[in-house]
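Peer 1: Structure provided below as structure tokens; questions to follow.
The values are calculated or read from the model by the stated rules, or taken from the named source; none is laboratory data. If you're wondering where the values come from, they're calculated on a predicted model, not measured in any experiment. Here the Cβ positions follow ideal geometry from the backbone for every residue, glycine too, while neighbour counts run over all protein chains shown. Side chains included, ligands, DNA and RNA excluded: accessible areas come from the protein's heavy atoms. Shrake-Rupley method; radii C 1.70, N 1.55, O 1.52, S 1.80 Å.
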There are 2 protein chains.
Amino acid sequence: MQKEHNLSKNQKIIFDLIDKSGGPMKAYSILFNVQKKGIKAPLQVYRALDKLVEIGKIHKIESRNAFIACQNSSCQISKATAFSICESCENVSEISNTKLSKYLSNFADSSGMKYSKYNLEFFGLCKKCKSK
Amino acid sequence: MQKEHNLSKNQKIIFDLIDKSGGPMKAYSILFNVQKKGIKAPLQVYRALDKLVEIGKIHKIESRNAFIACQNSSCQISKATAFSICESCENVSEISNTKLSKYLSNFADSSGMKYSKYNLEFFGLCKKCKSK
DNA sequence: CTTATAAATGTTATATTATTACATAACGTT
DNA sequence: AACGTTATGTAATAATATAACATTTATAAG
């Protein structure tokens, strides 16, 4: 069961915005959108984003410097993430595929390194963009 | 067989630096290191990096905004990359595991999206850091 | 060899992304 | 209430990356 986190005021404002947007949002675009709510400085945004990432409510799309709400209700925490990214329309969606996540979570190679976390980003053309 | 690319002057200077360093390097650290060779502006560095990434001589570690020489001699091009990153010492190495790359290259889900590229980053503690 | 084209370079300025440092306030426990 | 922890506010600045424009060099075609 996912631990309930009581989001603080800024965290809630920012999570709600990202969640409602339905897609990835960039930090300064978030800032612009929440200025009317009194959040005026980049640091206020980044602090909320850091916390939201930490507790798994959002994920960072590293290749895009953008943040997206977790679309996977069973996502314990952001330790195992996979996304598909359309290189044409920049649509992003979270992949939740049990076989894939099991495969990667159990992955071990000869390096002697213990993996506690991974992030995978697939790129390509989405259905819409392919048919154009 | 990998296509031979004749690197230009700046590309060669920058590739050699990254390659010799043996690890990931950041753009502005590269800039600092090549200023004595006449490369004076960030854009000169980024242009060479872009090209080197494009032809697969280096890869970008997205979560670190850093660039590393391709350690995989058979790497056709940067369409399928996997790295292991130590969260303590920040050591990075490229994973070349045939089973893993086959698994991911053939991955398809129900989204109807065709994946032409992926990047995977594993995080954890390397052998050295684990034993500290 | 020359002309055309593409690729690379040089340079200045600026945009975008993210953090440091410091002060204050709110929350949760005992 | 006193304490420690978490969150907030604010200003300044650091780190990462691109736009715009002028020029030069490499490559290929005639």
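Peer 1: Starting from region B:99-114, take each residue that is facing chain A (nearest Cβ under 9 Å) and list its partners that are basic (Lys, Arg), counting only C-beta distances under 6 angstrom and pairs at least six apart or across chains.
Peer 2: Pairs that qualify, where the first residue is facing chain A (nearest Cβ under 9 Å) and the partner is basic (Lys, Arg), are B:Gly112/A:Lys127.
Conditions tested, residue by residue: (1) of a type in the set (Ser, Thr, Tyr); (2) over 22 Å from A:Lys60 (Cα atoms).
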position	(1), (2)
B:Ser29	yes, yes
B:Lys51	no, yes
B:Ser110	yes, yes
B:Met113	no, no
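Peer 1: Out of (1) surrounded by 20 or more Cβ atoms within 10 Å (Cβ to Cβ); (2) over 17 Å from the mean Cα position of the chain (by Cα), the odd one out for B:Lys57 is which?
Peer 2: (2)
Peer 1: Okay, next question. With more than 27 Å from B:Ser93 (Cα to Cα) and surrounded by fewer than 18 Cβ atoms within 10 Å (Cβ to Cβ) as the only criterion, which of A:Ser88, A:Ser96, A:Ser105, A:Ser110 stands out?
Peer 2: Going through A:Ser88, A:Ser96, A:Ser105, A:Ser110 in turn, the sole match is A:Ser88.
Peer 1: Give me the residue from region B:60-85 that is within 23 Å of A:Tyr103 (Cβ to Cβ) and of a type in the set (Gly, Ala, Ser) and, out of that set, most open to solvent (accessible area, probe 1.4 Å).
Peer 2: B:Ser74
Peer 1: Looking only at region A:11-53, how many residues end up being within 11 Å of DNA strand C (Cβ to nearest atom), touching a residue at least 24 places away in the same chain (Cβ under 8 Å), more than 14 Å from chain B (Cβ to nearest Cβ) and surrounded by fewer than 18 Cβ atoms within 10 Å (Cβ to Cβ)?
Peer 2: 4
Peer 1: Taking region B:1-19 as the search range and keeping residues that are over 14 Å from B:Leu49 (Cβ atoms) and not in a helix (DSSP H, G or I), which one is modelled with the highest pLDDT?
Peer 2: Among those residues, the one meeting the criterion is B:Asn6.
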